[in-house]
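**Q** One structure, pasted below without further comment.
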Amino acid sequence: MSFTIPTPEQFADMTWEQIEPLYTTLAERDLTDDAATKAWLQDWNDLDTSLMEAASVANVAVSCDSQNADKEARHLRFSSEIMPQRGKIANVLIGKLLDSGYRPDELATVLKRAQTDRDIFREENVPLVQELSKRTNAYNKAAGAMTVEWEGETVPLSRLNPFMEHPDRDVRERAWRLHLQPYIDQRGHLADIFDQQLALRQQIAKNAGFENYRDYIFAEKYRYDYTPEDCYQFHDAVSATFVPALKELQDKRKHTMGVDSLRPWDLGHDPEGAEPLKPYDTIDDLTATAVDVFTKVDPVLGEQFGIMRSEELLDLEARTGKRPGGFCTSFPYRKRPFIFMNASGTGGDVRTLLHEAGHAFHGFATAEHLPYLSQRRYGSEMAEVASMSMELLASPYLRVRDGGFYEDADYDRARREHLEGIVKLFTWVAPVDAFQQWVYTDPAAADRDARDAKWVEIWNRFDPETDWSDLNDYRVARWYKQLHIFIYPFYYIEYAIAQLGALQVWRNALANQEQAVEDYRAALALGGSKPLPELFERAGARLIFDEAGMAELVALIQQHIAAAEDVTVS
């Protein structure tokens, strides 16, 4: 038995009342044997695929134009009405699947996650999720509307990025202060939003039988292979390995700059006073060169990025009205990814594009090899292995003479900045994760002033060298700017877990680039169909939370930073 499924374009303007009968038909169908269950599962998959694409298109539309009321309304209809209601009936379908006894080996991981979904679902949480979605949209709208006056022009905050890398210290300071000022000015509004989010999330957790939202989210994110205690071990290991490595980098920076202390605006520019890297002139230059780079990594990847370019699956340039940040999402009906960025002409844009393209290649690989949408839903840890590994796997091909972005001297500088940025990543991920661990497990976090004070206390542990004298408001504002804390709670330690995986992929590539790329692509093709340790293993890596494992990779990074410095100096 089958039924007619609307296209994503048809779903775009449908209400839940119009959509619900489609899911009800599935809920009422008899599953008489494995063949009937397999056909039923395919229909459910096809229905979800079409609906999910419509929701993804609505999200992309409002992300690209966050002040458009019609696009906002359509996105809100999906995020706060349709998708929560879909989640409610999906729980019924999950129960039906689990009760059917259908247990094919290829769906073992999917069925384990389905059991978790069933265990934690509570109908009374549906309206809370709807309210939470509205609060999330309120944050996006506030952040997306932030602009500043710079040189007589009203610009989005991301347009200040090149000036925060300017050789002139006064220019850097002015741009740095200005980019955080809107978060200081709107602290009250943003704190209101977070107060509401915190209360909603804690109530969702309690309704599901958890002591706090931290424990709930570990289940919701299917974190079967590590625990909160592993995260605390991770914080300690970062403190013992990456923090000293950062101190070494900062001591060198102070010496090169000839200053007694480093202010926050002294951390991102070239310490020798060179102009910011300008690897491309136009967005078209950026994407055309990227095709060449990805082709060098693997011809299939070059072809896939070329498809994204020709099918207009890229929105990369910063402009007023776009939401902040960058992401890659999927259009599962078309089996295509979409990349969103706020490029402003800096070297960071190249790394961001390589990163988001890694996500896109993950999407292409799973769509090609895995029939069910549920198999293609990989966890964030492996998702970020895909993106961070691509930054490193593409690095040998970024010179102009190899078809890339940089002349030789700039290439060595970009390479050094990238590796230094990896060290900084760990010393940023650790406080963000530690802060969230505290926020959702300590009742004191209900007080906004206590949150701000705790943020500063935690960050001090992982950034003991930067001079924040007389800048406390700016330091506090930095967590309000971290959109993950508001929109994707606890989605942050995955970056560091994945970066450790990516560094192992890179270590393998230093010995054999071709084999490392082959292993990387094979791991991507598995999607979420295997447990996380097996996915890492197929990529040639292991999960690392321990000090010894981190120390080995820190030494590798330091070795290559030193090599890049030697080449640059010579």
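The values are calculated or read from the model by the stated rules, or taken from the named source; none is laboratory data. These figures come from a predicted structure and were not determined experimentally. Note that each Cβ is placed from the backbone with ideal geometry, even for glycine, and that neighbours are counted across all protein chains shown.
**Q** Filter the range 178-215 down to the residues that are surrounded by 16 or more Cβ atoms within 10 Å (Cβ to Cβ) and not in a helix (DSSP H, G or I) and list them by number.
**A** Gln186, Ala208, Phe210, Asn212
**Q** Sticking with this one: Among (1) part of a loop (DSSP other than H, G, I, E, B); (2) within 24 Å of Arg253 (Cβ to Cβ); (3) of a type outside the set (S, T, N, Q), there is one condition Ile544 misses while meeting the rest; what is its number?
**A** Exception for Ile544: condition (2).
**Q** On the basis of being among the hydrophobic types (A, V, I, L, M, F, W, C), in a helix (DSSP H, G or I) and in contact (Cβ under 8 Å) with a residue 60 or more places away in the chain, does Val456 make the cut?
**A** no
**Q** Taking Trp479, is it out of contact with any Pro (no Cβ under 6 Å at 6 or more places or on another chain), more than 30 Å from Ala563 (Cα to Cα), touching a residue at least 40 places away in the same chain (Cβ under 8 Å) and surrounded by 22 or more Cβ atoms within 10 Å (Cβ to Cβ)?
**A** Considered against the rule, which asks whether it is out of contact with any Pro (no Cβ under 6 Å at 6 or more places or on another chain), more than 30 Å from Ala563 (Cα to Cα), touching a residue at least 40 places away in the same chain (Cβ under 8 Å) and surrounded by 22 or more Cβ atoms within 10 Å (Cβ to Cβ), Trp479 comes out as yes.
**Q** Could you run through the range 269-304 and say how many residues are closer than 15 Å to Val517 by Cβ, assigned to a helix (DSSP H, G or I) and touching a helix residue (DSSP H, G or I) at 6+ places or on another chain (Cβ under 7 Å)?
**A** 8
**Q** All but one of (1) of a type outside the set (S, T, N, Q); (2) over 30 Å from Glu565 (Cα atoms); (3) under 25 Å from the mean Cα position of the chain (by Cα) hold for Glu417; which doesn't?
**A** Of (1) of a type outside the set (S, T, N, Q); (2) over 30 Å from Glu565 (Cα atoms); (3) under 25 Å from the mean Cα position of the chain (by Cα), only one is false for Glu417: (2).
**Q** Right, another one. Of all residues in the range 485-521, how many are β-branched (Val, Ile, Thr) and over 20 Å from Ala555 (Cα atoms)?
**A** Matching residues across the range 485-521 total 4.
**Q** Let me ask you something else. If the Cβ limit is 7 Å and pairs must be 6+ apart or interchain, which residue in the range 22-35 that is without any contact (Cβ under 8 Å) to a residue 40 or more places away in the chain pairs with which residue that is among the hydrophobic types (A, V, I, L, M, F, W, C) and loosely packed, with under 11 Cβ neighbours inside 10 Å?
**A** Arg29/Met1
**Q** Among residues belonging to the range 507-532 that are within 20 Å of the chain's Cα centre (by Cα) and in a helix (DSSP H, G or I), point out the one that is surrounded by the most Cβ atoms within 10 Å (Cβ to Cβ).
**A** Of everything passing the filter in the range 507-532, Tyr520 is surrounded by the most Cβ atoms within 10 Å (Cβ to Cβ).
**Q** Please state which of the following conditions Lys134 fails to meet, knowing it meets all the rest: (1) of a type outside the set (A, V, I, L, M); (2) in a helix (DSSP H, G or I); (3) modelled with pLDDT of 95 or more.
**A** Checking Lys134 against (1) of a type outside the set (A, V, I, L, M); (2) in a helix (DSSP H, G or I); (3) modelled with pLDDT of 95 or more, the one that fails is (3).
**Q** Which ranges mark the helices (runs of 4 or more DSSP H) fully within the range 344-450 that have 2 or more residues being buried (at least 22 other Cβ atoms within 10 Å of the Cβ) and of a type in the set (Val, Ile, Thr)?
**A** Qualifying helices (runs of 4 or more DSSP H): 347-369, 408-439.
**Q** Let me ask something else. If the requirement is being over 23 Å from the mean Cα position of the chain (by Cα), modelled with pLDDT under 95 and either small (Gly, Ala, Ser) or over 22 Å from Leu313 (Cα atoms) (or both), which of these qualifies: Lys141, Lys112, Lys88, Lys96?
**A** Matching residue, one of Lys141, Lys112, Lys88, Lys96: Lys88.
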